[in-house]
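The values are calculated or read from the model by the stated rules, or taken from the named source; none is laboratory data. Quick caveat: nothing in here was measured; it's all calculated off a predicted structure. Don't worry about glycine lacking a Cβ; one is built from the backbone with ideal geometry, like all the others, and counts go over all protein chains shown. Surface accessibility is based on the protein's heavy atoms, side chains included, excluding ligands, DNA and RNA. Shrake-Rupley method; radii C 1.70, N 1.55, O 1.52, S 1.80 Å.
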Amino acid sequence: MVRKLKHHEQKLLRKVDLISYKSDGPSHRAADVRRRYHLTEPLDYDKYNALAGRLRKLAHLLSNLDPADPFRKEHESILLEKLWQMGILKQSREQGAGLSAVEKDVTVSAFCRRRLGVLMVRTGMIEHVSTAHKFIEQGHVRVGTDVVTDPAFLISRGMEDFVTWVDGSKVQRQVMRYRDKLDDFDLL
């Protein structure tokens, strides 16, 4: 049997919600990023968020070391170069990026901007991210020589130029026909 709360207990519990926590509630930022970058997997945002948090924590720990320390210099340059090659950072170390850039620029959106569907929209291969995801899942896109069917595939700076349609794809044929570049030899 549940007893009725006394007046002072009700006043105290009015300000404290023991059932739902702030971290459990829907995050508007998470919903916005999921919608903008068409994250279909429910855990993708959480994985990218955890990865970005770990990278920011690593950058913060490195920044706590003495700037003249050779260990800091070596690992700072390794971290910055790797993040620039992945396309997460906008500037390389030579262009002036530092550990402060890691702490403020490594976000979930930075990882999402490197996804294959988003990159296809940015390069002008297709208009919408949702359409790009459909074509990727159907196997119309290749990166280099490999056909990619995972829309969460991350593209590094070095692989950007190798994103193209699969040979013999009907989508590629339609695009070539629209641009009046369709060759009869390609139809074979």
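Per the listing Val143, Val129, Val106, Val118, the residue uniquely within 20 Å of Leu43 (Cα to Cα) and touching a strand residue (DSSP E or B) at 6+ places or on another chain (Cβ under 9 Å) is Val129.
For Phe111, the test of being open to solvent by 90 Å² or more (accessible area, probe 1.4 Å), modelled with pLDDT of 90 or more and among the hydrophobic types (A, V, I, L, M, F, W, C) is failed.
Within the stretch 114-138, restricting attention to residues that are open to solvent by less than 20 Å² (accessible area, probe 1.4 Å) and either outside any helix (DSSP H, G or I) or of a type in the set (Lys, Arg) (or both), the residue that is farthest from Leu61 (Cα to Cα) is Arg115. Within the stretch 34-57, being part of a helix (DSSP H, G or I), crowded, with 16+ Cβ neighbours inside 10 Å and either free of Cβ contacts under 8 Å to residues at least 60 places away in the same chain or not aromatic (Phe, Trp, Tyr) (or both) holds for Arg34, Asp44, Asn49, Ala52, Leu55, Arg56.
Checking each residue in the stretch 139-173 for being part of a loop (DSSP other than H, G, I, E, B), of a type in the set (Val, Ile, Thr) and buried (at least 17 other Cβ atoms within 10 Å of the Cβ) picks out Val148, Ile155. Taken over the stretch 58-73, residues that are assigned to a loop (DSSP other than H, G, I, E, B) and open to solvent by less than 70 Å² (accessible area, probe 1.4 Å) amount to 3.
The C-beta contact set for the stretch 73-88 (first residue under 15 Å from Ser109 (Cα atoms), second residue aromatic (Phe, Trp, Tyr), distance under 7 angstrom, 6+ apart or interchain) comprises Ile88/Phe111.
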